[in-house]
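Enquirer: The structure under discussion is supplied below as structure tokens; questions concerning it will follow.
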Amino acid sequence: MANGQMKNTYVFSRYERLWHWLQTLAILALLCTGFQVKGLFNLIGFEKAVKLHNTIGLGWLIAFAFFVFWIFTTGEWKQYIPTSKKMAAVVRYYLRGIFKGEPHPVPRSKDSKHNPLQRLTYLLLALLLLPIQMVSGFLYWSYNNWEAWGLTWLNLSVVSIVHLVCAFAILSFLITHVYMVTTGHKVSAHMRAMVTGWEEIESDTEVEEWEKKRT
Amino acid sequence: MIAILRRKLPLAGRAGLPLWLILLMVSSPGPADDTAPGRTLAQQAVQEYEAWITADHADMEILQQEFTSGPEVTQACLSCHTLAAKQFHKTIHWTWLDPNADPSERIGKAGITLNNFCISIISNWPRCTSCHAGYGWKDASFDFSDETKVDCLVCHEQTSTYKKFPTGAGHPVSKPTVFKGNGKTFNPPDWNLVAQSVARPTRQNCGNCHFRGGGGDAVKHGDLDSSLEHPDMVLDVHMGEDGKNFDCIRCHSTTAHKVAGRAYSTPAAPDRRSLLEDDELPRIMCESCHSATPHVSGSKANDHTDKVACQSCHIPTFARVIPTKMNWDWSTAGRKKEGKGVIEKGPTGKPSYHFKKGDFVWEKSVVPEYYWYNGAMQTLTAEDTIDPTRVVAINMPQGSKAEPNARIYPFKVHRGRQGYDVVNKTLLIPHLVGKKGTAAYWGSWDWNRAFTSGMEQAGLPFSGEFDWVETKYHYPTTHMVAPKENVVGCSECHSPEGRLADLSGFYMPGRDSYRLVDIIGLLMVIGSLLAVIVHGLGRLFSRNGQGG
């Protein structure tokens, strides 16, 4: 595939991987229990699903606070800053180049884990979709306290619709995300990176200045 | 992992900020305890109850004299209990009228309110008033101020041998008499024995009438029948003889002969308070003893008690032992075969047809229907105009989701067909009970005469034209509280076709969904799937897919 030499690079730290897989489990469990509560299917029953969903949801909320803490103390947040640079190239790559075996226009490195498309996607996810889902979920869970908190203007059906639409969006993301894992230089390359932390990256890849994490 | 996450609060403690968040927002992060506090509270409240007495009525000379009738016994009672009849005269057990309604409206069974069983007591007094705690209410001329007409014995005697004759207007028989209705022989009471046995009322006393309303066992309420004379805890956790063995008056607390618990136009209990807040409260509400948050701290069930009555979950079905009447179609009555009235038995062993009364449906272990209920019932009278094109609600639970005191409450709904005045658009009072030669339906077999006579005795107009209309009557379900193992499960309501499928006006998780949202969501998911499949296939059949 690539013309350059491949170099084994440590991309994802232990905490990142732990967080990634913990969040994966949480999201999968929340999707399953959530759609069970909604009545899309019946596997474990409504009551069990509600209890699990609440517990996991709250657990995720707490763990997410750790992640926010981590991302700011390590400066990793900078990897989520969106950019339009090379965005067109990346989009073009996934639409055309990938079928012709062209190299990725913005290969991954330790200092630049996300290509422009990923930056935007993950930023929207971490800044918008997941927080909305957490807030709507928390409100849903705390329905009985609304009166005490002066939230009587809220409407449970609206909260539930927001929560459900976000759940569908997260599921859509999940499908796309899982597929995109296979688009590395080898089908298993990205997966290996998120499991072991190491990924083979073209050694002659120049990390351009705008991509670099400023520390 | 789940086990760890379950203990979310200690975990949150290490997170610092979220702990604040959670603590602020969770109102009751109390210590985990397997015993529901509401249960503990109530059990403490009912420990070692024994009603003590200071007099043995068997010793009293006045009760050893020769009696020949009920009123003579009453006179003897009143010679010591001089205020008893005066007190009793003020109660609904005596007046059979709603004490809180304007008397001119005649709300109550002694007035012109109706049901869809035997419709009205007017013109049918001698039969219906066999359940009046009085003697001789045989027609409209009954003297409600006569103290000697109070029947002390039916509520207080403890021999279970005191029986009022079914058509005796409240009197027992003076010589052995067969009741044609069921072929049973009624014997005159041993007056001395019954009079000397008196004590506080037991389940048996109350059940004499309340288990047998509507002319027979288990006909009316569904949650009150003779199975509660000797129930086990599975049938009723409070009355079960293998448990606390409550009598009715244990909860229906009584002051000056006024028994708490009847709900007409005003709730049986006006507010929701427990004995901890007011120890003089009637113990008529579950909350009186169990508190408003009786379940284990932090359990979702406690979040329900503001909108869902305890009964809704804790009485999964009523009539769990004896079938109760669910439908009564008067329009088919009168069928005879070779001059003899037809009687047919149904699948439950109870009659499915009786020539005097029409078609019946009986059901056992019935799932209640649910309504918002603030404790008050609106009652139709024989004067009110009805819409015969619809099912007429003869009484209707009052309340809506918006009312803070209204909660979702279970009801037995008894449906039926009964006569109405086609011209005046009112329900009709039939004169049913009477001998051959009278206008009574069971004597003349002529509905026109029966309605004419019934309405005339009620002082109400009848055009002479009648037809049949479908009606329903609601009984609040509050007895036959099941053990906690048998409560209604979450998904029995939180599902599209669940118990609360018909209650609209609010969003309920698991029950309600929005088709448009579902369609958009599913399109989103299916779109993503298709996109990645197409993309993947593209790669598979292009250079990238060939191993790069």
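The values are calculated or read from the model by the stated rules, or taken from the named source; none is laboratory data. What you are looking at is a predicted structure, and each value in this text was computed from that prediction instead of being measured. With ideal geometry, Cβ positions are generated from the backbone for all residues, glycine too; neighbour counts draw on all protein chains shown.
Enquirer: Looking for whichever is surrounded by fewer than 18 Cβ atoms within 10 Å (Cβ to Cβ), assigned to a loop (DSSP other than H, G, I, E, B), touching a strand residue (DSSP E or B) at 6+ places or on another chain (Cβ under 9 Å) and of a type in the set (A, V, I, L, M, F, W, C) here; the options are B:L503, B:L460. Which one fits?
Expert: Being surrounded by fewer than 18 Cβ atoms within 10 Å (Cβ to Cβ), assigned to a loop (DSSP other than H, G, I, E, B), touching a strand residue (DSSP E or B) at 6+ places or on another chain (Cβ under 9 Å) and of a type in the set (A, V, I, L, M, F, W, C) holds for just one of B:L503, B:L460, which is B:L503.
Enquirer: Just need a number here: residues in the range A:55-92 that are without any contact (Cβ under 8 Å) to a residue 60 or more places away in the chain and more than 30 Å from B:S495 (Cα to Cα). Show your work before the answer.
Expert: Residues of the range A:55-92 without any contact (Cβ under 8 Å) to a residue 60 or more places away in the chain: A:55-56, A:59, A:62-63, A:65-74, A:77, A:80-82, A:84, A:86-92.
If we keep only those that are more than 30 Å from B:S495 (Cα to Cα) too, we end up with A:62-63, A:65-74, A:77, A:80-82, A:84, A:86-92.
Final tally of qualifying residues: 24.
Enquirer: Could you give me the residue pairs with C-beta distances under 6 Å whose first residue belongs to the range B:166-185 and is free of Cβ contacts under 8 Å to residues at least 40 places away in the same chain, whose second residue is polar (S, T, N, Q) and surrounded by fewer than 20 Cβ atoms within 10 Å (Cβ to Cβ) wherever it lies, and which are 6+ apart or on separate chains?
Expert: That search, which allows pairs on different chains as well, returns B:P176/B:T185; B:P176/B:N187; B:V178/B:T185.
Enquirer: Now for a separate question. Which residue out of A:V135, A:V178, A:V195, A:V159 is among the hydrophobic types (A, V, I, L, M, F, W, C), within 12 Å of another protein chain (Cβ to nearest Cβ) and exposed (fewer than 15 other Cβ atoms within 10 Å of the Cβ)?
Expert: A:V178 is the lone residue from the list that is among the hydrophobic types (A, V, I, L, M, F, W, C), within 12 Å of another protein chain (Cβ to nearest Cβ) and exposed (fewer than 15 other Cβ atoms within 10 Å of the Cβ).
Enquirer: Consider B:S365 against the criteria (1) more than 30 Å from B:R449 (Cβ to Cβ); (2) buried (at least 19 other Cβ atoms within 10 Å of the Cβ); (3) free of Cβ contacts under 8 Å to residues at least 60 places away in the same chain: it satisfies all of them except one. Which criterion is unmet?
Expert: Tallying (1) more than 30 Å from B:R449 (Cβ to Cβ); (2) buried (at least 19 other Cβ atoms within 10 Å of the Cβ); (3) free of Cβ contacts under 8 Å to residues at least 60 places away in the same chain, B:S365 fails exactly one: (2).
Enquirer: Right, next: Are there any pairs, at least 6 apart or on different chains, whose C-beta atoms fall under 7 Å, with the first in the range A:43-54 and facing chain B (nearest Cβ under 8 Å) and surrounded by fewer than 15 Cβ atoms within 10 Å (Cβ to Cβ) and the second part of a helix (DSSP H, G or I) and modelled with pLDDT under 95, and if so, which?
Expert: Sorted first by the residue in the range A:43-54, then by its partner, the pairs are A:G45/B:S491.
Enquirer: Name the residues in the range B:482-496 that are within 21 Å of the chain's Cα centre (by Cα) and away from every other protein chain (no Cβ under 13 Å), would you?
Expert: Passing the criteria: B:A482, B:P483, B:K484, B:N486.
Enquirer: For the range B:284-304, enumerate the residues that are crowded, with 22+ Cβ neighbours inside 10 Å and in a loop (DSSP other than H, G, I, E, B).
Expert: B:M285, B:S291, B:P294
Enquirer: Can A:S84 be described as more than 8 Å from every other protein chain (Cβ to nearest Cβ), within 22 Å of A:H20 (Cα to Cα) and assigned to a loop (DSSP other than H, G, I, E, B)? Don't jump to the end; show me each part of the working.
Expert: Details: more than 8 Å from every other protein chain (Cβ to nearest Cβ): yes; within 22 Å of A:H20 (Cα to Cα): no; assigned to a loop (DSSP other than H, G, I, E, B): yes.
No.
Enquirer: If you go through the range A:43-81, how many residues are over 20 Å from the mean Cα position of the chain (by Cα) and either part of a helix (DSSP H, G or I) or modelled with pLDDT under 90 (or both)? Lay out the reasoning, then the answer.
Expert: Taking the range A:43-81 as the starting set, the residues that turn out to be over 20 Å from the mean Cα position of the chain (by Cα) are A:43-52, A:54-55.
Now drop any that are not either part of a helix (DSSP H, G or I) or modelled with pLDDT under 90 (or both), which leaves A:46-52, A:54-55.
Count: 9.
Enquirer: Considering only the range B:300-332, state which residues are polar (S, T, N, Q) and either touching a strand residue (DSSP E or B) at 6+ places or on another chain (Cβ under 9 Å) or under 13 Å from B:H479 (Cα atoms) (or both). Step through it out loud before you land on a result.
Expert: The initial filter retains those residues of the range B:300-332 that are polar (S, T, N, Q), namely B:302, B:305, B:311-312, B:317, B:324, B:327, B:331-332.
Answer for the range B:300-332, where residues must be polar (S, T, N, Q) and either touching a strand residue (DSSP E or B) at 6+ places or on another chain (Cβ under 9 Å) or under 13 Å from B:H479 (Cα atoms) (or both): B:T305, B:Q311, B:S312, B:T317, B:T324, B:N327, B:S331, B:T332.
Enquirer: Is it the case that the range B:497-513 has a residue that's among the aliphatic types (A, V, I, L, M), touching a residue at least 12 places away in the same chain (Cβ under 8 Å) and facing chain A (nearest Cβ under 9 Å)? Let's see the steps before the verdict.
Expert: First, pick out the residues of the range B:497-513 that are among the aliphatic types (A, V, I, L, M): B:500-501, B:503, B:508.
Okay, now just the ones that are also touching a residue at least 12 places away in the same chain (Cβ under 8 Å), so B:500, B:503, B:508.
Checking which are facing chain A (nearest Cβ under 9 Å) leaves us with B:508.
Looking through the range B:497-513, at least one residue is among the aliphatic types (A, V, I, L, M), touching a residue at least 12 places away in the same chain (Cβ under 8 Å) and facing chain A (nearest Cβ under 9 Å).
Enquirer: So which residues in the range A:13-32 are among the basic types (K, R) and within 14 Å of the chain's Cα centre (by Cα)?
Expert: Of all residues in the range A:13-32, those among the basic types (K, R) come to A:14, A:17.
Within the range A:13-32, just A:R17 meets the criteria.
Enquirer: With B:A450, B:A482 as the choices, which residue is more than 27 Å from B:S104 (Cα to Cα) and modelled with pLDDT of 95 or more?
Expert: Numbers: B:A450 fails: more than 27 Å from B:S104 (Cα to Cα).
Only one candidate qualifies: B:A482.
Enquirer: Can I ask one more? Checking A:I98 against (1) in contact (Cβ under 8 Å) with a residue 60 or more places away in the chain; (2) within 21 Å of the chain's Cα centre (by Cα): exactly one of these is not met. Which one?
Expert: (2)
To keep it simple, each residue is scored yes or no on (1) free of Cβ contacts under 8 Å to residues at least 60 places away in the same chain; (2) farther than 30 Å from A:H104 by Cβ; (3) away from chain B (no Cβ under 11 Å); (4) among the polar types (S, T, N, Q).
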| site | (1), (2), (3), (4) |
| --- | --- |
| A:Q118 | yes, no, yes, yes |
| A:L125 | yes, no, yes, no |
| A:L128 | yes, no, yes, no |
| A:P131 | yes, no, yes, no |
| A:W141 | no, yes, no, no |
| A:N144 | yes, yes, no, yes |
| A:E147 | yes, yes, no, no |
| A:W153 | yes, yes, yes, no |
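Enquirer: Answer yes or no: is there a residue in the range B:195-208 that is part of a loop (DSSP other than H, G, I, E, B) and among the charged types (D, E, K, R).
Expert: Keep residues of the range B:195-208 that are part of a loop (DSSP other than H, G, I, E, B), which gives B:197-202.
Now drop any that are not among the charged types (D, E, K, R), which leaves B:200.
Yes, the range B:195-208 contains a residue that is part of a loop (DSSP other than H, G, I, E, B) and among the charged types (D, E, K, R).
Enquirer: Does B:A333 satisfy the criteria of being more than 24 Å from the chain's Cα centre (by Cα), buried (at least 19 other Cβ atoms within 10 Å of the Cβ) and modelled with pLDDT of 95 or more? Show your work before the answer.
Expert: On the way: more than 24 Å from the chain's Cα centre (by Cα): yes; buried (at least 19 other Cβ atoms within 10 Å of the Cβ): yes; modelled with pLDDT of 95 or more: yes.
For B:A333, the condition - more than 24 Å from the chain's Cα centre (by Cα), buried (at least 19 other Cβ atoms within 10 Å of the Cβ) and modelled with pLDDT of 95 or more - is met.
Enquirer: Residue check: is A:S112 surrounded by 15 or more Cβ atoms within 10 Å (Cβ to Cβ) and either facing chain B (nearest Cβ under 10 Å) or at pLDDT 95 or above (or both)? Please lay out each step first, then the result.
Expert: On the way: surrounded by 15 or more Cβ atoms within 10 Å (Cβ to Cβ): yes; either facing chain B (nearest Cβ under 10 Å) or at pLDDT 95 or above (or both): no.
For A:S112, the condition - surrounded by 15 or more Cβ atoms within 10 Å (Cβ to Cβ) and either facing chain B (nearest Cβ under 10 Å) or at pLDDT 95 or above (or both) - is not met.
Enquirer: Kindly indicate the residue of the range B:514-540 that is among the charged types (D, E, K, R) and more than 7 Å from every other protein chain (Cβ to nearest Cβ) and also surrounded by the most Cβ atoms within 10 Å (Cβ to Cβ) among those meeting that condition.
Expert: Kept after step one, since they are among the charged types (D, E, K, R), are these residues of the range B:514-540: B:515, B:518, B:539.
Imposing the further condition that a residue be more than 7 Å from every other protein chain (Cβ to nearest Cβ) reduces the set to B:515, B:518.
Numbers: B:R515: 7, B:D518: 15.
Ranking the candidates gives B:D518 first.
Enquirer: Within the range B:88-121, count every residue that is over 19 Å from B:H221 (Cα atoms), of a type in the set (A, V, I, L, M, F, W, C) and not in a loop (DSSP other than H, G, I, E, B).
Expert: Of the residues in that region, 2 qualify.
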